[in-house]
Each structure stands twice: as C-alpha cells, then as structure tokens.
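Engineer: Handing you a structure now.
No lab work stands behind these numbers, since they all come straight from the coordinates. This one's a predicted model, so the numbers in the text were calculated from it and none came from an experiment. Reconstructed Cβ throughout: ideal geometry from the backbone, glycine too, with neighbour counts over all protein chains shown.
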Amino acid sequence: MAVATAGTDVWRPGTDVWLDRRRRVAELRTRYGFARQLLDFYGALLPVQEKAFIDAATAQPPAGALVAYAAELVFPGVVDVSVAAGPDRLRVEVIDRVAAQDARDIVAAWMRGEDQPQVDRFLARASLGPALEAIAEARAACEGPRDAHHCPECGGLPQLSFFARSSDDLASGPRKLLCARCGATWGYPRMTCAACGEDTGARLPVFSEHGTTSGARGSVVRGLPAGKEVARPDAVFPHMRIEACDSCRHYLLSVDLAIDPAAVPIVDELAAIPLDLYARERGYTKITTNLMGF
Ligand SMILES: [Zn+2]
Ligand SMILES: [Zn+2]
C-alpha cells in the first residue's frame, strides 16, 4: 500500500476538509460546554480518519477489497481511539464487540445498509467513511436506493440539511442534504420532508431559536417569541433549526451557512445535542442518527 509520508511532495487530496473539521471542533468545544466531551472524542478520531482518507485516496483499493481494507487498516485505529477517548459506555461496548465479532462483518453490514447495533454502526461508519469520501467506486459499491431521499452516490440516508452560502451574502443559498454514509451532498427542495417527500407547509414544523423563516410554520425552541429572521444575540444555535414532518414523524437538523459562514455542517450537527433532545421530546425520530448516535 502506498502511503503519503510526511516530508514528501505527495499531493494530499482534499486535506482542507479535515482542516475545516478540526478547526470547527476547536471552536465549538469552547462555545458548547455541553458537547465538549463528545467534540473532544470526535476531535481525537479525526486524525485517524484523515490518515485513512489520504491512504485510501493514494492506494485506491478496488471496491471488492474495500471491506477488508477498512477492517484491517482503519478499524483498529478507530477501536484504539474509542477505548482511549470514548465515552465510558461506548468504550465497554467496543471492547465487547471487537471480542465477539469480526471487523469485516461489522463493516460489510454497514455497506449493505443493514440494521446494526449502535456500537457496530459507529465502528463501521467511522472506519469506512473516509474511504467512501475518497473513492467514487467505493461509494457506488454500497447498497441502497438511489432516489431523492437517498444519496445519489452511495444510497445512504441524509444526515442533515444545510443551506449553502449564496452569491448574495445576505441570503441563504440552495438547500442540500449531506449523506450519513459517504458525506456526499445533493440538492433537495426547500420545505419538503427529506424522509417522505411531504411538501404541505402546515405538516412541516420548523423549530428554531429565532422564530420562523419565510414560508415555514415555526415554533421556538426555548419558548422565545417568534420574531424576525434576525438571529437573536443570545441564541445558542442561531444558524440551526429542526426540520420536522408531521406526516412521517421524522426530523433532521439544518445548518444555515448564510447565518454562520464558519459552520461545518457535519461538526455543527454533532454538537447540537439540545436540539436533538428537543425534537425527541416532541416525539420525532431522526431520519438517521449521526456518528455519535444522536
Ligand atoms: Zn452517500
Ligand atoms: Zn415526512
């Protein structure tokens, strides 16, 4: 296997993605005390994942060898970080699972989109994700429907919704969904449920700290009166909202990069634990849990 070694002039593809993630972890861990442990664990995992990404991009393992590749070369590093820096419960579960189950089976089940225990999902996802991000053929080898509600690259479910920065600095750009399995993004209509396609505004409650956005029926997370679209100075998540659906009772979190251009959706979504708790209290189920199981 070819590995990009430090000090050489090997091209390191996409490394700014990892730089952005590390930068955002450092920003949010001071801002969100309630998420510090989780962010520190994710921050400890990032170097393992970045190395896996660079190695996979360099070695380009064929799709048929991907499970063995991730299980043998990435999985052990994910286990080590989980045992060293993971939450207590995860640490115990990881040790149990590694003793009981072959890493290849855990990774393969995730590629096939099967139901798995949460600890398996975490291990498989953390191990395989970087290779899927790096190699298009690997994404194509994953099982899952390729329709509007699933990732066009790998068939995975949407982890989150985000509004990209638009060319007009004051407006939100187009809506996109981000894949839980491979991190690819795809365009999706606004005010449409990402799980079932419901597009009747009255059935799509939006919960945020700064009231409604245009066209959306909104409620306010902390009991603050719904107001203008201006972010409240005391808002904890001024750039985030819960997008729920009363038809299928699913929700996902949405990140607006026009409000916070420094946000990194995949990191901000992990840290927004109070929004997940708020949605759950109201009986909604996330379309799919994030890497940390929320
Ligand atoms: Zn995907
Ligand atoms: Zn729905």
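Engineer: Quick check on the chain: helices-only [θ] at 222 nm, where DSSP H runs of length 4 and up contribute -39,500 (n - 2.57) each and the sum goes over total residues. Nearest 500, please. Can you show the working numbers first?
Structural biologist: Numbers: 10 runs with 116 residues, N = 294.
Dividing the helical sum by the residues of the chain leaves -12000 deg cm²/dmol.
Engineer: Right, next: If you take all C-alpha pairs in the chain, what percent of them are over 26 Å apart?
Structural biologist: Percentage above 26 Å: 44.
Engineer: Can you tell me the dipole magnitude for region 15-140 around its Cα centre, using point charges on the Cβ only (Lys, Arg +1; Asp, Glu -1), in Debye to the nearest 20?
Structural biologist: 480
Engineer: Next question. What order do you get for 107, 83 when you list them from fewest to most C-beta neighbours inside 10 Å?
Structural biologist: Values: 107 26, 83 14.
Starting with the residue having the fewest Cβ neighbours, the order is 83, 107.
Engineer: If I model a spin label at residue 105 and residue 282 as a point 7 Å from the Cα along the Cα→Cβ vector, what separation in nanometres do I get?
Structural biologist: 4.1
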